[in-house]
Structure formats: structure tokens, C-alpha cells
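The values are calculated or read from the model by the stated rules, or taken from the named source; none is laboratory data. Worth saying up front: this structure is predicted, and the values here are computed from it rather than measured. Please note: Cβ atoms are built from the backbone with ideal geometry, for glycine as well, and neighbour counts cover all protein chains shown.
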Amino acid sequence: MAFGKNKQPALDPVAIAQQQRAREELEVSAAFQKGITALRDFIAPSSIEFSSTHFQLGTRFARTYYVYGYPRQLYTGWLSGMVNLDEVMDMSMYVYPVESQVVLENLRKKVTQLEAGIQIEAEKGRVRDPGKQAAIIDAEEMRDKLQVGEERFFRFGLYFTIYAGSIDELEFVSHKVESMLGQQLIYSKAATSQQEQGLNSTVPQMSDELQIRRNMSTGALSTSFPFTSADLSQDNGILYGVNMHNSGLVIFDRFSLENGNSVVFAKSGAGKSFTVKLEALRSMMFGTEIFIIDPENEYQRMCEAVGGAYVRLSLSSATRINPFDLPQVVDSEEADNALRSNLITLHGLLRLMMGGAQAQMMGGNSALMPALAPSEEADLDAALIETYAKAGITNDPLTHTGRPPTIADLYDTLLHMGGSGPQLAQRLRKYTTGTFAGIFSQQSNININNPLVVFNIRDLEDELRPVAMYIVLNYIWNKTKSDMKKRILIVDEAWQLMKYEDSANFLFSLAKRARKYNLGITTITQDVEDFMGSRMGRAIVANASMQILLKQSTSAVDVLADVFKLTSEERKRLSQFPVGQGLFFAGQNHVHIQVTASPTETGLITTNPQQIAQMNQANQQGEFSQPQGTIDLSNRLFPGSV
């Protein structure tokens, strides 16, 4: 049986081409799948274009710098300005250790050259070069430290790349960075014609392609420790919140600044009252007394919880405050001027009460009576002096302990004097026998001696509110001058005072003089445009060493950015902050802060309707015990603290 060989069928050329094409498609698909999963494809920019002085990365412009010059001495934290700069920046440091034996040999040769040079110049009669002598001293000192192992030697390279949205912005940021370094005698230069190498040196791939280095010892190198940030922590003070830049604690004493005044700006619901109440609660733990003018009944729960005095001012309440009261001051100079100072204050108050203040009503409406004429001012001054004289009170401090007069006594004096007295009396009558009689026309019946005092003016008519705030401020000011302790005065909704020129002037005078009496004034407002539009409003802000800016309306951002010289990034964030976050300014320092409170503190100070409803519901179910009466702040708010 014969077996023949099997013949292979001839392959079709078309089939061969199809198979080849299929293999190529599989290879391309595999390469594509591998490429899109690589990390570089996720982080790579859409395009990159290099020029001699800068490069464009996608839609962003950038420029790389290297540092080439340093001063003779570097101080700890010299790099903190760069680290905390509110600009987009990449920074790289390259540290190369050098063998101590090699450095010692080079230093020996260098000292020999310098000494020989000095000797040659001396033989030629030239003036000595102080720079060479300083170099010899530094080299010898370094040799000693290297020899005993106290120091080591390194080569140090510092490069940074700054980014901007346009060429103009890039030039602006470049100038700012160069100036910041130049002020410390640290000189930087753009990597001209080496921008690609500069970019490779600053991206995190450990490639030093610029190779521009400087000799540094261990001590000098340690000053460039980069992990620094804006910090506002002190040994003394209260906790204001968490620094969002480095998660550190903002612990600060406002009285350590030039003055203890502060301003708080925020839109409604941004957390301004919560922040101020938290500050007041924690300040009391350190013995600071608190006065609060409360126009919306927001501080009652906190006041009752800590055993404070809650003074409710209304036409139906029994509380009386006499604006003619004089402070019982100890200082002899203040005692001599006590009556005169109170007369000046009463002039402003009476102009406000008679409707004669240069009122700038919100919305431009002024339904008040015209301002007092010069002759009326003179008659009013004479009537005030005569009213005090009838009560036996003169410029002699010994007479100031007597019973002071009241507005009713002034009304009687004006009514029976010549000139414009009777007309002025008629304008004052509604406070003596008219609609507003009683509350400010009788002798004071409060004598407050409490670390927390809240004056509630919510139930007063709108026309009486600025008058009440003015009188309460004067009462607090007199008490402050009588007994100088560390105190904080909180004026909520201060825009109501800024509507009137006399009350605005009075608040400004308090802000200027408060430091002398160990008083810090906190001014709170949500109407930023109206407050800052006033000349006195801007002056009050200028006299506040501490400012807190929480979330703002879009229209207020531009005003605040101009006043506080905010950066573009801060301006952008100011209208986007969540509740409880903002900018905290203390002197020349400022940080991004998150105000934080313990659950117990939140229960005492929150005004959030949802939180209050939840607490009430939990209280009814027995799950939450609302603090009642007086509590021990040191143990209740912070368990375990002393």
C-alpha cells in the first residue's frame, strides 16, 4: 500500500493581508490601552511651549528661577515668606553632602590664598580689604567646626517655578517674589534659555538639570527648613479656631496687640455672632469681663447659662439708666474733667434725641427735624451746666458724688430760660412726659457687678434704638473709667450707630481711648457697604488691630478687598467660605481660620434654628440636658482643665 505526501493548500493573499491587519490592530489596541492607563497620561498637560524667559503649560504661563546669591548669615525661617505666599508655586531643594576631608583641604588652601593676598596688599601699601579678613575668619571657624564634627558641609541648590494666568500676572508675581527675597539679600534669577531644564528641576522627579549650587554648613542649611507656615499661636490667649493652612491652633490674646479692638464683618448666617459669643465665653475663663449690646436677643441663653446679668431695656420694663450719671474715677486728671467730658457726651446724645443729628438714614430717607443751630447749641450748653449746678455738681470732683440730675430737670431748666430754651424743651418733651418717658428720664436703678452683662434693646422702638445704644455705651464707658479691669465691649449690629454722625463719633472716640482703660471693643456688622461708606466706619476699622472676615456677599467683597488689601486668592475665597470659616487678621499676620466649638459651647451660643429645634427635641426626650443657671466654665466647657 503506497502512502503519498499530503499537500498543503495554497494560502489566499487576501486572507494573509486580513490576518496581518488584524494582528496590527490588536497591537495598536494593546498599546493604546497600555498608554491610557499610564500615570503620565493623567497628569500630562494638553500642550507645552518653551521660550527663553518663560514657558506655557496648557493655558497657564510659568517661569523657573534659581537662587544664586545669599547673605553672610541666614536666619531661621527666611524661607517662610515664600512658603506662605498666596501664589501657585513649585519649589525644589537639592542637598549634596560633601566629604569633610575634602572640604578641610579646600579651606586650608583658601585660607592660605587669602592670607597671602592680604600680605601682598599690605606690602604694596594698599588699604586692607575687610571682606577678605571676614572670609578668613569664617573659613577658620568652619575648619574648627568640621574638624571636631560639629558641622558638616553640603552643596545646596534652590529652584522654584511660579505660575500665572497671563503674562502680565506672571510679571507681577515674579516681581513680588524677587522683591521678597531681595529684602533678605537673597538674589534670584530667571533660568534664561533654560526653562525646560528649570521645569525638569522643579517637578518631583529628582533631576537637578540646572546644577546651580551654593556651599552651606549644617547650621545654614537648617534655616531653609521648608515646613513652615503662617501661625498665630501664642503661649497666652484663647482658642479662636483651627488654622486651615497647617491645621494648627489659632491661640491668641487680642490685648497683646497695639489695642484690644476688633471688627467682625460677615453676611447674615455666616457665623459672626457665633464667633463673637465663643470668644466672649472663652475670654471669661481668663477673668475678662464682658459687656454686650444685644439688639436681637441672641445672647440670652448664654448669659443665663453662665450666671450673667441680663438687662432688658424697653418702655414697659422697670430698668432705668440716667445719662446724667458721672463716673466715679480714681485718676485725678480724669476726675477734674469728668463733668466736662460728660457734658460733651450729653451734647451728642441730646442732638440725637431731639432729631437734630446729621442723620444719614438707610435708603437716603431722613424724616428727622433739622440740626441744632449755633444759638440753640449755646443755649443747650448753658442749660446743661445750670442743670448740674442746681443739683450741686460743679467742676470740683468732691461734688460728683451727689445725686445727679435727670432729663426731666434739664427740661424744666430749658422751659424757664430765655432764648431758644422753650423750643428745645418742646423737642425734648416726649422723653420726659411723652411717649418715651421714664426709661431715660429717671435715676438709674441698676448697679451691675457681674463678669457678663448683656443689654437687650430688641423691644425698643426703632427710633429709640440708637438713643439706647448711645446711652448704654456711655454707661459702660463710665463704669470702665471708674474701675479699670480687662474688659471686652461687644457692639452687635453697629451699623445702627453709624447711621448718625453723633453716635458714630462717640463710638469712634471710645475705640481711640479704650486701650488706656484696658478695654477692647468688638464691632459687629453685616452691612459692610454702609459701614465702610462712612468716614467714621473706616476710622473705627483702622483703630482695630484684629479683624475677622467671614463669608461676604459679592457686593461687599470689593469693598473689603480694597480696605484690607486682600490678594486675588483671598478675594475669591471671601464670597465662597462655608459657615464658620473666614480670614483672621491680627496685626500684620492673617490666616484662613475655621471657628470650632465644643458641643456644650454650641448648645449655649448657637442661633441656628435647626440646631435649637434638635436640642429642644432631645431635651424633651431626656437625651440632652440644657444648661440652666450658673455653670462652672472651666470644668463644663473643657473637662479636665484648670
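Structure values in brief
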| item | result |
| --- | --- |
| Matching residues in region 186-195 - criterion: being touching a Ser or Thr at 6+ places or on another chain (Cβ under 9 Å) and not in a loop (DSSP other than H, G, I, E, B) | A190, Q195 |
| Any hit, region 80-91, residues being in the same structural domain as M180 (by TED's automatic domain parsing), in contact (Cβ under 8 Å) with a residue 60 or more places away in the chain and more than 21 Å from G182 (Cα to Cα) | no |
| Per-region count, region 49-59, residues in contact (Cβ under 8 Å) with a residue 12 or more places away in the chain and more than 38 Å from the chain's Cα centre (by Cα) | 3 |
| Any hit, region 525-543, residues being closer than 18 Å to F291 by Cα, touching a Lys or Arg at 6+ places or on another chain (Cβ under 8 Å), of a type in the set (V, I, T) and in contact (Cβ under 8 Å) with a residue 12 or more places away in the chain | no |
| Residues (polar (S, T, N, Q), over 30 Å from D483 (Cα atoms) and modelled with pLDDT of 60 or more) located in region 331-390 | S375 |
| Residue in region 205-217 that is over 36 Å from the mean Cα position of the chain (by Cα), polar (S, T, N, Q) and in a strand (DSSP E or B) present | yes |
| Pick from region 402-434, criterion polar (S, T, N, Q) and either over 18 Å from P323 (Cβ atoms) or not assigned by TED's automatic domain parsing to the domain that holds N342 (or both), ranking: surrounded by the most Cβ atoms within 10 Å (Cβ to Cβ) | S420 |
| Cross-chain or 6+ apart pairs with Cβ under 9 Å, region 191-206 first and closer than 16 Å to Y163 by Cα, then part of a helix (DSSP H, G or I) and small (G, A, S) | A191/G198; A191/S201 |
| R152 vs. criteria in the same structural domain as G69 (by TED's automatic domain parsing), over 40 Å from the mean Cα position of the chain (by Cα) and without any contact (Cβ under 8 Å) to a residue 60 or more places away in the chain | no |
| Residue ID - surrounded by the most Cβ atoms within 10 Å (Cβ to Cβ), chosen from residues in region 237-263 that are part of a loop (DSSP other than H, G, I, E, B) and at pLDDT 80 or above | N261 |
| Wholly within region 497-576, helices (runs of 4 or more DSSP H) carrying at least 2 residues that are acidic (D, E) | 501-513, 528-533, 554-564, 568-574 |
| Failed criterion for G582 (all others in (1) crowded, with 22+ Cβ neighbours inside 10 Å; (2) closer than 22 Å to Q496 by Cα hold) | (2) |
| Matching residues in region 146-167 - criterion: being surrounded by fewer than 17 Cβ atoms within 10 Å (Cβ to Cβ) and of a type outside the set (A, V, I, L, M) | Q147, G149, E150, R155, Y163, G165, S166 |
| Pair list, Cβ < 8 Å and 6+ apart or interchain, from region 108-131 residues that are surrounded by 10 or more Cβ atoms within 10 Å (Cβ to Cβ) to residues that are assigned to a helix (DSSP H, G or I) and among the basic types (K, R) | R108/R143; V111/R143; L114/K132; G117/K132; I118/K132 |
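Results for (1) within 18 Å of G355 (Cα to Cα); (2) among the aromatic types (F, W, Y); (3) in contact with a helix residue (DSSP H, G or I) (Cβ under 8 Å, 6 or more places away or on another chain); (4) not in a loop (DSSP other than H, G, I, E, B), shown as yes or no for each residue.
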| site | (1), (2), (3), (4) |
| --- | --- |
| I393 | no, no, yes, no |
| P422 | yes, no, yes, yes |
| Q443 | no, no, no, no |
| D459 | no, no, no, no |
